[in-house]
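For reference, the structure discussed in these notes is given below.
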Amino acid sequence: MEFSIKSPANIAFVKYWGQQDSSLILPSNDSFSMNLSNCFTELKIEVVEDPSVKEMVIKEYKTEQYKAATEAEMEKVVAFYTVAKKYLGVTRDKGFRVRSSNSFPKKAGIASSASFFSAMALAFITLFEKDLNKKRLSVLARLSGSGSACRSIPDGFVWWHSAATSEKSYAESIAQVDYWDIRDIVLVLSFDEKKVSSVDGHHGAQTSNYFDSRQQTIPFTLQRIKKAFNDKDFRQFGEAIEQEAINFHSILMTQVPPLFFWSEKTISCIQEIVKLRNAGLEGYFTIDAGENIHLLCEGKNEDRFVEYFKKQDFVKEVITNTAAQGAQIL
Ligand code: PMV
């Protein structure tokens, strides 16, 4: 049996940071995101009868060659395979060969682990010939270890619920891809892979003196962003998203050990976005756990932003995204 899967990365408007249970990957707070149309992982899976075969090759971004996954990468895949088998109540082992490629640079704060592990969740249920609804599939994706992978399962704009039990902490679509024409323009400032994984980062979240205060304000942030989203009030939406991104990075910078992702280029980019906004071109930034900027704008303004940022020498690449469908079998 052979099949292919495509799954998007997602950008969180309200970020998930910190866990109430690190073995079940239960987040400390709800989060809200959009799936990205041009940042995705594609997998080709070959299922083999010999259960000892567990292989993966990865095509690096912008190269044609596939390289064998590292031992550490393979360990995560096999660990997730074991989790999936248990979750699905499967007893018989299967072997598999995976070919993975990304449409965007990985481990650079563009949620490559979310696109990859959501794709693997769909791959495992297909391999084991199980049918799960999206809610349960999102729970499985969450259990991969990359919690935000659950938000890449449903379509469009997605809400991930925090809860005290595993089955209740699922992701669901709150609006379809065509609900609102907002764009996420990824301004790639660096292709460097980050040195600390989000998994390790989450464990330190509560060491920040500001973590409790974030937890207290997050329900209001969520409410404010959801209202702006429902009203399609782009200004309210963008302003709240920027504040949330800064709040999130304040936690990162004050946890122990601290995580500094912003570079000089990040700051320059923020300044440019604010400058353009003051001049009437409306866009807002958010930043994931990485140096790169996600610039949110309405569809009508995308071309002007792209034209502008392509000319800036600190911008290495510009990737434009509309809202996208979740993980799918091709
Ligand atoms: O899903 P993880 O465990 O890789 O955590 C990543 C969380 C952030 O990307 C930093 C924020 C988010 O909600 O996407």
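The values are calculated or read from the model by the stated rules, or taken from the named source; none is laboratory data. The structure presented is a predicted model; accordingly, all values stated were derived computationally and were not measured. Using ideal geometry, Cβ is built from the backbone for each residue, glycine included, and neighbour counts are taken over all protein chains shown. The area values use the complete protein model at the heavy-atom level, side chains included, leaving out ligands, DNA and RNA. Shrake-Rupley method; radii C 1.70, N 1.55, O 1.52, S 1.80 Å.
Among the residues of the stretch 33-54, is there at least one that is small (Gly, Ala, Ser), surrounded by 15 or more Cβ atoms within 10 Å (Cβ to Cβ) and within 16 Å of the ligand (Cβ to nearest atom)? Yes, the conditions are met somewhere in the stretch 33-54. Say we look at the stretch 247-285 and pick out the residues that are within 16 Å of the ligand (Cβ to nearest atom) and open to solvent by less than 20 Å² (accessible area, probe 1.4 Å); which of these is farthest from the chain's Cα centre (by Cα)? Ranking the qualifying residues of the stretch 247-285, first place goes to 255. Cβ-Cβ distances below 8 Å connect the following pairs, each with a first residue in the stretch 287-314 that is farther than 23 Å from residue 33 by Cβ, a second residue that is of a type in the set (Lys, Arg), and a separation of six or more residues or different chains: 314/265.
Filter the stretch 36-70 for residues that are of a type outside the set (A, V, I, L, M, F, W, C), within 21 Å of the chain's Cα centre (by Cα) and farther than 20 Å from residue 3 by Cα and give the result. Answer for the stretch 36-70, where residues must be of a type outside the set (A, V, I, L, M, F, W, C), within 21 Å of the chain's Cα centre (by Cα) and farther than 20 Å from residue 3 by Cα: 37, 38, 60, 61, 62. Screening residue 318 on (1) within 18 Å of the chain's Cα centre (by Cα); (2) of a type in the set (A, V, I, L, M); (3) within 16 Å of the ligand (Cβ to nearest atom) shows it passes everything except condition (3).
Among the conditions (1) over 20 Å from residue 184 (Cβ atoms); (2) within 14 Å of the ligand (Cβ to nearest atom); (3) aromatic (Phe, Trp, Tyr), residue 124 misses just one, which is (2). The criterion of at least 1 residues that are among the aliphatic types (A, V, I, L, M) and at pLDDT 95 or above is met by the following strands (runs of 3 or more DSSP E) wholly inside the stretch 1-51: 2-14, 31-48.
Filtered by the rule that a residue be open to solvent by less than 10 Å² (accessible area, probe 1.4 Å) and hydrophobic (A, V, I, L, M, F, W, C), the stretch 198-210 gives a lone residue, 205.
Only a single item in (1) farther than 30 Å from residue 307 by Cα; (2) touching a helix residue (DSSP H, G or I) at 6+ places or on another chain (Cβ under 9 Å); (3) in contact (Cβ under 8 Å) with a residue 24 or more places away in the chain; (4) not assigned by TED's automatic domain parsing to the domain that holds residue 231 is not met by residue 131, and it is number (3).
Scanning the stretch 1-22 for residues that are small (Gly, Ala, Ser) and within 13 Å of the ligand (Cβ to nearest atom), we see that the one that is surrounded by the fewest Cβ atoms within 10 Å (Cβ to Cβ) is 22. Taking into account only those residues within the stretch 152-170 that are within 15 Å of the ligand (Cβ to nearest atom) and open to solvent by 10 Å² or more (accessible area, probe 1.4 Å), which is farthest from residue 325 (Cα to Cα)? Ranking the qualifying residues of the stretch 152-170, first place goes to 162. Exactly one residue among 181, 212 is among the acidic types (Asp, Glu), closer than 30 Å to residue 270 by Cα and either out of contact with any helix residue (DSSP H, G or I) (no Cβ under 6 Å at 6 or more places or on another chain) or within 16 Å of the ligand (Cβ to nearest atom) (or both), and that residue is 212.
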